[in-house]
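*Asks:* Structure provided below as structure tokens; questions to follow.
The values are calculated or read from the model by the stated rules, or taken from the named source; none is laboratory data. Because the structure is predicted, anything quoted here is derived from the model rather than measured. Glycine also receives a Cβ, built like all others from the backbone with ideal geometry; neighbour counts cover every protein chain displayed. SASA here: full protein model, heavy atoms, side chains in, ligands and nucleic acids out. Shrake-Rupley method; radii C 1.70, N 1.55, O 1.52, S 1.80 Å.
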Amino acid sequence: MTNREAQIFQWIMENPMISQEELAAKAGIARSSAAVHISNLMKKGYILGKGYVTSGPDYCVVIGGAGIDIGGVPEEALVEGESGSGRIVQSLGGTGRNIAHSLRLLGVGTKLVTTIGDDEYARRIIENCEALGIDISHALKTVRAETAKQLYIMDEKGNRKLAVSDMRINESLTASFVTPKMEMLNKARMVVLDTNIPQETIALVCERCKAPVFAESVSVKSAEKLLDVLDKICLVVCSRSEAEVLSGIRIRDKDTLERAADIIMEKGVKNVFILVEKGVYCACYDEQFMQNAGGSVEQISSNGAKDAFMAGVTFGFMKHMNIRQLAKLGQAAAGITLEVEENVNQQLCVPAVAERAKVEL
């Protein structure tokens, strides 16, 4: 579903008897153009017949990892080769799960396609998803591998210094496992991918999914999985180093940052968000700009901030916000997440995000 189709579909859901003339006037387009969008929505199965009977969708699908994060948080600056005092903390994690969690806190109906083992960590994930209202019925539960785990070390400022991840279980999210779920994916408002899943699965979803596909690049290595499908991706969130992989150029300054965004869009991505030290560089078909981080944030931990940014952007897209508003909502969600030790801040909510982003919802 394109941005314009999503906008028209929302108006139809609000008023199923709305005329093509009214839709055209609201969208600022010709009636014939509105008719084309309606025809496309019917072909894609979102509109079922006369009177604009609709079939949803009222949910977003996240495909990605779920696991447990175990971290070391020092009380003072780390000294290489020495053991410093601090705390050992545990938090439910996984990029896909973090995004799904944040989306639910923002009131978005969410289905999580992930893979978990038959262990205590898996039971904690299931219980948490059920408590939040995340539909985890499409997850793969296997006894052949343990639930994903990540071991990390923070510095005294709350920035991650080192991490080791055991995500071998994510290889179970194969294309053959996801294929029977395509009907569910096609009826979603959008599908969000985290790049820790197999490349063949990313390719399958990007090639066959009718809903807009968003992707969060999780690491430099996993960013390579997106290179062959960038023309099928509606929106991507990546770091500076991941943007270098996607664009094929080294980012040294503002000019090369702008050029990298240009190249990623030339490869087909419609909306690009590159997270950099002082903010986020944003690009779409009609504008590019640097959105500086607004206001001061008391950072406790950087864990989960990027995932919260993706959730904020996804939420804004569902509300038909423009790219500047999307960036503000993403930054607001990330800022709220930076203020806690866990991967997701339970205080994340629509009023809090709207107030911090200064966006009317």
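*Asks:* Count the net charge of all other residues whose Cβ sits under 13 Å from the Cβ of residue 200, scoring Lys and Arg as +1 and Asp and Glu as -1. Could the numbers behind the result be given before it?
*Replies:* Numbers: positive: 208, 225; negative: 171, 207, 228.
Charge balance near residue 200 sits at -1.
*Asks:* Over all directions, what mean area does the Cα convex hull of the chain project, stated in square nanometres? Each step should come with its number before you reach the end.
*Replies:* Numbers: hull surface 73.9 nm².
Computing the convex hull of the Cα atoms and averaging its projections yields 18.5 nm².
*Asks:* Cross-link candidates for residue 111: which aspartates and glutamates have Cα within less than 12 Å, leaving aside residues fewer than 8 places away along the same chain?
*Replies:* Straight-line reach from residue 111, under 12 Å: 58, 130, 135.
*Asks:* So how long is each side of the stretch 81-182 along the principal axes, counting just the alpha-carbon atoms, biggest first, in Å?
*Replies:* Each principal axis gives a Cα extent; for the stretch 81-182 these are 51, 33, 22 Å.
*Asks:* Can you tell me the Rg and Dmax of the stretch 224-361, counting just the alpha carbons, in angstroms?
*Replies:* Expressed in Å, the Cα Rg and Dmax of the stretch 224-361 come to 14.5, 39.
*Asks:* Where nothing but the Cβ of Lys and Arg (+1) and of Asp and Glu (-1) is charged, how large is the charge dipole of the chain around its Cα centre, in debye to the nearest 20?
*Replies:* Values: 41 positive and 46 negative charges, 252 e Å.
Charge dipole, the chain, about its Cα centre: 1220 debye, nearest 20.
*Asks:* On full extension of the chain, what length is gained from residue 252 through residue 155, given 0.36 nm per residue of separation minus the C-alpha to C-alpha distance?
*Replies:* 32.4 nm
*Asks:* Right, something else. Before I look further, what does the chain give for accessible area per residue, probe 1.4 Å, in whole square angstrom? Intermediate results must be reported in sequence, preceding the final value.
*Replies:* Working: 16420 Å² over 361 residues.
Dividing the accessible area of the chain by its residue count gives 45 Å².
*Asks:* When the convex hull of the Cα atoms of the stretch 177-302 is projected onto a plane and the area is averaged over all directions, what value comes out in nm²? Before the final figure, lay out the partial values.
*Replies:* Details: hull surface 35.1 nm².
Its average projected convex-hull area is 8.8 nm².
*Asks:* Which value in deg cm²/dmol, rounded to the nearest 500, describes the helix-derived mean residue ellipticity at 222 nm for the chain, given -39,500 (n - 2.57) per DSSP H run of n ≥ 4 and division by the residue count?
*Replies:* Values: 14 runs with 139 residues, N = 361.
Per the formula, -11500 deg cm²/dmol.
*Asks:* Give me the percent of DSSP beta bridges within the chain that run antiparallel, rounded to the nearest 5. Write out the running numbers ahead of the final one.
*Replies:* Details: 26 of 54 bridges.
In the chain, DSSP labels about 50 percent of beta bridges as antiparallel.
*Asks:* Carbon and sulfur: what percent of the chain's accessible surface (1.4 Å probe)?
*Replies:* Values: 7980 of 16420 Å².
Carbon and sulfur atoms account for 49 percent of the accessible area of the chain.
*Asks:* Follow-up. Using alpha carbon coordinates only, what is the Rg to Rh ratio of the stretch 102-156, with Rh defined as the Kirkwood radius? Walk me through the intermediate numbers first.
*Replies:* Numbers: Rg = 13.2 Å, Rh = 12.5 Å.
Answer for the stretch 102-156: 1.05.
*Asks:* Quick one: what does P(r) look like for the stretch 217-278 with 5 Å bins over all Cα pairs, in whole %?
*Replies:* 4, 21, 36, 27, 10, 2
*Asks:* Next question. Quick one: check the C-alpha center-to-center distance for the stretch 137-191 versus the stretch 297-318, whole angstrom.
*Replies:* 18
*Asks:* Separate question: Once you have the Cα-Cα distance between residue 2 and residue 207, take 0.36 nm times their residue separation minus that, and quote the gain in nm to one decimal. Kindly include the intermediate steps, with their values, before the conclusion.
*Replies:* Working: separation 205, 0.36 × 205 = 73.80 nm, distance 1.53 nm.
Answer, rounded to one decimal: 72.3 nm.
*Asks:* Listed here are the pairs 181/225; 210/267; 187/278; 149/267; which of them are more than 30 Å apart at the Cα?
*Replies:* Values: 181/225 21 Å; 210/267 19 Å; 187/278 37 Å; 149/267 34 Å.
Pairs exceeding 30 Å: 187/278; 149/267.
*Asks:* Count neighbours as other Cβ atoms within 10 Å of each site's Cβ, and list the GluC sites (Glu not before Pro) in the stretch 240-287 that are DSSP loop with at most 10 such neighbours.
*Replies:* On the way: sites: 242, 244, 258, 266, 277, 287; in loops: 277, 287.
Answer in residue order: 277, 287.
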